[in-house]
Amino acid sequence: MTGKTQLPNVREQRPLGYWLKYIDGAIETSFDRLFADDGLTRRGWQVLNTISYGPITVAEIDETMAAFLSGDEPTMRPYVERFAELGWVRVTDADGVALTEEGKRTHQRVSERAGTERVRMMECLSHEDFQVLMDLLQRIATHLDGLATEAPRQ
C-alpha cells in the first residue's frame, strides 16, 4: 500500500475501515446475545472485566475504556451504578470500585463463557495468524496516533 495514491474501487475491495466496523459489529452482536441472560451487554462485560483485576476508580475505568467512549456514552459510570444496584460492586466515597463476592461469582461465570466464545470466534485463525493480526493492528494504531499530531499532507 505504501506509495499508492489511487485507492481501490470500494465495490471490488472493501477498505480496512469497513472490515474493522463489520468485525466490531459482529463481535458486539455475538457477545450481546451471549450475555443477554445475565443482563449484560458487551460493553457491560468489558467494564465488569476491567473491575475484576482489582480496585479501580471510575476515572481509571474510563481511561481503560477510552476507545469506547463517545458523545452518547462519555463515561462508564452508568455501568458501575447498575452493577452497584445489582450488588456486583461496591463504590467508595473516593469513587473507588471493587467487585463484591456476588460480583466475583458473576464475573467468573460470565468469564468462562466469554473465553469460550472468543476461542470460537478466532478458530478460523492459527495462533500464529492471530499474533500477526494483533501485531499489525497495533502497528496501524500506533502509526495513526502519530499521524494525529501531524498536519495533514496536501
Study note, to complete from the structure: Candidate cut points under chymotrypsin sites (Phe, Trp or Tyr not before Pro) in region 1-97, DSSP loop plus at most 12 other Cβ atoms within 10 Å of their own Cβ, are Y53
Review point. For T116 and I140, FRET efficiency with R0 = 25 Å and r from the beta-carbon atoms, rounded to 0.05?
Key: 0.30
Review point. Under a GNM of the chain (C-alpha, springs under 10 Å), which listed residue has the highest mean-square fluctuation: T100, T92, T41?
Key: T92
Exercise for review: At 0.36 nm per residue, minus the direct Cα-Cα distance, what do S70 and R82 gain on full extension? Give it in nm, one decimal, please.
Suggested key: 2.4 nm
Point to revise | Largest to smallest principal axis extent of the C-alpha atoms in the chain, angstrom | key: 56, 38, 27
Point to revise | Rg to Rh quotient for region 18-102, alpha carbon positions, Kirkwood Rh | key: 0.99
Check your understanding: Build a GNM of the chain with springs between Cα atoms under 10 Å: which of L136, L86, L48 gets the top mean-square fluctuation?
Key -> L136
Revision key, fill the gap. Any DSSP H helix in the chain with Cα axial reach of 18 Å or more and mean Kyte-Doolittle score of at least 0.0? Listed by number, the hits are 16-35, 127-147
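Every read-out reported here was derived from the displayed coordinates using simple, explicitly stated rules and does not represent laboratory data. If you're wondering where the values come from, they're calculated on a predicted model, not measured in any experiment. Neighbour counts are summed over all protein chains in view; Cβ atoms, including those assigned to glycine, are modelled from backbone coordinates with ideal geometry.
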